[in-house]
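Throughout, read-outs are computed from the coordinates displayed, never taken from laboratory work. Keep in mind that what you see is a predicted model, and the values were worked out from it rather than measured. Cβ coordinates were reconstructed from backbone atoms using ideal geometry, including for glycine residues, and neighbour counts include every protein chain displayed.
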């Protein structure tokens, strides 16, 4: 095997290894769920309630701030209490797995 063949083989192996690592990282990324922030991290002024301006200053993974805020604010008083926050169960994104196509 000459030097040219060895270089080509080495480059091919390096590309294969890099592709495998990149595919593994992408796969891991897709499996990650957005972690829910704590009540305290959203309650910027630390008054024990979350007003809409505090809520809207945080990033959300999907949907719009007003719709999500309204769904958490169950008593519709314009403020999210600690209890409302704790009782709220975020909707789970629909998975493409297990779909039946009839």
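Summary of values
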item: Per-bin percent of Cα-Cα distances, region 39-87 [10 Å]; result: 29, 62, 9
item: Label point distance in nm, residue 36-residue 66, each placed 7 Å from Cα along Cα→Cβ; result: 2.5
item: Full-stretch length increase - residue 86, residue 22 - with 0.36 nm per residue and alpha-carbon distance subtracted; result: 19.3 nm
